[in-house]
Amino acid sequence: MAFKFPVINSLLHSELRLKIMVALDSLESADFVYLCEITDSTRGNLSVQITTLKEAGYIEVSKTGLGRFSRTVCRITRKGHDALYAYEQGLRKMFEQRVPDKEMGEAERICK
């Protein structure tokens, strides 16, 4: 059987989504303003990525207060933690495995 790289989670492969997930995996929770600061993101872009992660079930989002005084807090879910861990392991495996030498000759023939 030919060598194949491990599949990695494309949802987490986005730089901003990955930063959000790593931050939330390190903390009990984080509010929107703090995530905006540490990820160096715009509010609009952060909002879109948080929604994407929430829809995937990777994070929970809660809001308190009203209007201008509302506060958005995010927490990673078990599903999100497991997905992040699997993503990390997939990348590690990819770098550790590399393409076996015996595959190189065949690959060169196919690509030419």
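The values are calculated or read from the model by the stated rules, or taken from the named source; none is laboratory data. Since this is a predicted model, take the numbers as computed values, not measurements. Here the Cβ is made from the backbone with ideal geometry for all residues, glycine too, and neighbour counts use every protein chain on show. Just so you know, the surface numbers come from the protein's heavy atoms only, side chains and all, with ligands and any DNA or RNA stripped out. Shrake-Rupley method; radii C 1.70, N 1.55, O 1.52, S 1.80 Å.
Under 6 Å between Cβ atoms, at least 6 apart or on separate chains: pull out the pairs that start in the range 8-29 with a residue that is free of Cβ contacts under 8 Å to residues at least 24 places away in the same chain and end on any residue that is crowded, with 16+ Cβ neighbours inside 10 Å and assigned to a helix (DSSP H, G or I).
Within 6 Å, the pairs are LYS19/THR39.
When the range 48-61 is examined, which residues are found to be open to solvent by less than 80 Å² (accessible area, probe 1.4 Å) and in contact (Cβ under 8 Å) with a residue 12 or more places away in the chain?
GLN49, ILE50, THR52, LEU53, ALA56, GLY57, TYR58, ILE59, VAL61
Could you run through the range 21-41 and say how many residues are charged (D, E, K, R), within 14 Å of THR77 (Cβ to Cβ) and either open to solvent by less than 80 Å² (accessible area, probe 1.4 Å) or assigned to a helix (DSSP H, G or I) (or both)?
Just the residues of the range 21-41 that are charged (D, E, K, R), to begin with: 25, 28, 31, 37, 40.
Subsequent filtering for residues that are within 14 Å of THR77 (Cβ to Cβ) retains 25, 28.
Retained after the next criterion (residues that are either open to solvent by less than 80 Å² (accessible area, probe 1.4 Å) or assigned to a helix (DSSP H, G or I) (or both)): 25.
Count: 1.
Quick check on the range 45-59. Is at least one of its residues at pLDDT 95 or above, closer than 17 Å to LYS79 by Cβ and part of a strand (DSSP E or B)?
There is at least one residue in the range 45-59 that is at pLDDT 95 or above, closer than 17 Å to LYS79 by Cβ and part of a strand (DSSP E or B).
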